[in-house]
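Laboratory data are not the source of any read-out in this text; all were calculated from the coordinates shown. Not measured: the values here are computed from a predicted model. When we count neighbours, we look across all protein chains shown, and the Cβ atoms used for this are built from the backbone with ideal geometry, even at glycine.
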Amino acid sequence: KPYQAQLIAAHGLGVPETLISNDPVAVLAFRGVHGKVIYKSMSGVRSIVKTLDDDDMARLDDIRWCPVQFQELVAGVDVRVHVVDRDVFATEIVSDATDYRYAHKSGGSTTLRAIEIDAELAARCVALTAGLGLAFAGIDLRLGSDGRVTCFEVNPSPAYSYYEANTGQPIAASLARYLAERC
């Protein structure tokens, strides 16, 4: 994740201020600087992104056994961009949950809709995907009202069917065409 963040920044996209630590004192200092903070596991297993709240602070010493990734909470609209070679499919995500993928577990909701992103941002997403040696990726962005674009990560094996099923975007057809052209 830290290496990928460096590559993302090198392609002209912002990355959130991040702390990877198992030191509670460092986390307290990071929270003091940024106010609202989110966190997630550093494992290779999909983890749920959560907002660091007072209940979490009460058990902060537990991180001494395993580093955790903390990031500033960036305000804005979530957008998942799927890139298939040069095709770009952007999905706006509106949710009342910190991690929209799990909103239903907390009684929340998530709505997805296909959107167009500006040509410059689309080109950056295509270049980032290619720069990571990928032809297919799911890029997690947050678009701030101030024009700031923050990239959280690039998924090299994105679960695109969820987005396609909710928006009607032809991501699978684009991927099939890409693969067929190379056989």
Exercise. For the range 32-91, what size does the Cα cloud have along each of its three principal axes, sorted from largest down, in whole Å?
Worked result: 46, 26, 17
For this session: Using θ = phi - 60° and the Karplus relation 6.51 cos²θ - 1.76 cosθ + 1.60, list the HN-Hα couplings for the range 120-128 in order, rounded to whole Hz, with x at every Gly or Pro.
Result: 5, 5, 4, 5, 5, 5, 5, 5, 4
Exercise. Does a label point 7 Å from the Cα of residue 51, set along Cα-to-beta-carbon, have any residues of the range 131-165 with amide nitrogen under 18 Å, and which are they?
Worked result: 142-145
Exercise. Hey, what did the range 96-157 get for relative contact order, percent, Cα under 8 Å, at least 6 apart?
Worked result: 20
Problem set entry | Qualifying trypsin sites (Lys or Arg not before Pro) in the range 51-93, DSSP loop, other Cβ atoms within 10 Å at most 13 | 59, 86
For this session: Between residue 86 and residue 73, with labels modelled 7 Å along Cα→Cβ, what's the label distance in nm to one decimal, could you check?
Result: 4.2
For this session: Take residue 43, project a point 7 Å from its Cα along the Cβ direction, then tell me which residues of the range 59-74 have their backbone nitrogen under 20 Å from it.
Result: 59-71
